[in-house]
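Following: one structure in structure tokens, then a few remarks.
What follows is calculated from the coordinates using simple rules that are stated; it is not laboratory data. Nothing here was measured: the structure is a model prediction, and the numbers come from that model. All Cβ positions, glycine included, derive from the backbone under ideal geometry; neighbour counts span all protein chains shown.
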Amino acid sequence: MLHWLLEPLSYEFMRTAIATGILIGILCPVVGCYLIVQRMALLGDVIAHAILPGLAIANYFGIDILWGAFSFGMFSTFVIAWIRSQSRVKVDAAMALTFASFFALGVTLLNLLRSRLDLHEILFGDILSVSMNDVWRTLVIGLVILFTIKLCYKEFLFYTFDRTGAEAIGLPIRAINLGLMAIITLTLIIGMKIVGVILVVSLMVGPAITAYLLVKELHWMMIVGAGLGVLASVTGMYVSYHLNLPSGPAIALVIFALFLLALFFSPNQGILTRPRQQKE
């Protein structure tokens, strides 16, 4: 058993990948909790795909792709809000349309601009190829995001659960919404750069909804979600190493397995364990 645990750590690329997985495993679920309690989980998927045109344009002009991705990620949220404000279209339909349109634009630009970016790597990532520079960059940006959440926790909490009430007492709801969208977009970008679109969305949503089944308060949801994210990342890396599986999908499958355990065995909300009167 000890050999099973220590053998992967003898390789530098595995140590770096596990360290990165831990950082992303903490950050993504904490931010994802806001999406879950606002019933906006699809928004993470939309932003993650909407940044593709920004990646293509930034790469073409030779600028840091972080800026291009962030610009288009934020732009996609404004497009969704604009469609909602100017029509009777519901938010889920607006997000679905934005998702498909921006993703199609991104694929088109990658071809037209003859970008060297690998679409497969963008979607599925390659956590085993991350460098220590990626780890440090993730750590710094992650600390900034977590500090911002800690600093503005009460305002974000009020806005998340009672937007009308937050507006009534004079909170700057537009600034709060902009801050949340920026945090979500930045988290998706740094996660996507390392583990790909598919996995970063899985890490953002999966541990958060699993924690949602286990606890009731938002701060506990964030703590439990972060713990589950770390557990899933580390376990997935070990599974991928010993079974020779792709790392990203292995982590995503571990996340789903943890969700199923909570779905069936959560003390208060589990299908097999919740009180009888809730089942009827």
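What to note about this one:
- Here the extension length gained between ASP118 and LEU151 equals 8.1 nm, from 0.36 nm per residue of separation less the Cα-Cα distance.
- For the chain: relative contact order, % (alpha-carbon pairs under 8 angstrom, 6 or more apart): 28 percent
- Using just its DSSP H runs of length 4 or more, each adding -39500 (n - 2.57), the chain gives a mean residue ellipticity at 222 nm of -27000 deg cm²/dmol after division by all residues.
- Across region 210-280, Cα pairs under 8 Å and at least six residues apart give a relative contact order of 29 percent.
- Stretched out straight at 0.36 nm per residue, the stretch from PHE161 to VAL234 would grow longer than its current Cα-Cα span by 23.0 nm.
- Per-residue ³J(HN,Hα) for region 168-178, Karplus 6.51 cos²θ - 1.76 cosθ + 1.60, θ = phi - 60°, Hz, x for Gly and Pro: 5, 8, x, 5, x, 5, 5, 5, 5, 4, 4
- Among the trypsin sites (Lys or Arg not before Pro) in region 163-222, those placed in a DSSP loop whose Cβ has at most 13 other Cβ atoms within 10 Å are LYS216.
- Extension gain, HIS219 back to ILE173 (0.36 nm per residue minus Cα-Cα distance, nm): 14.5 nm
- Backbone geometry of region 232-243 corresponds, through the Karplus equation with coefficients 6.51, -1.76 and 1.60 at θ = phi - 60°, to 3J(HN,Hα) couplings of 5, 5, 5, 4, x, 5, 5, 4, 5, 5, 6, 9 Hz, x marking Gly and Pro.
- Anisotropy class of region 116-162 from Cα gyration tensor, a/c 1.5 cut: oblate
- Distance between modelled label sites at SER10 and LEU143, nm, 7 Å Cα→Cβ extension: 3.3 nm
- Gyration tensor verdict on region 8-80 (Cα atoms; rounded if a/c is under 1.5, prolate if a/b is larger than b/c, oblate otherwise): oblate
- A value for Cα extents along the principal axes in Å was derived from the coordinates, and within the list (1) 53, 41, 33; (2) 60, 59, 35; (3) 87, 75, 31 it appears as (2).
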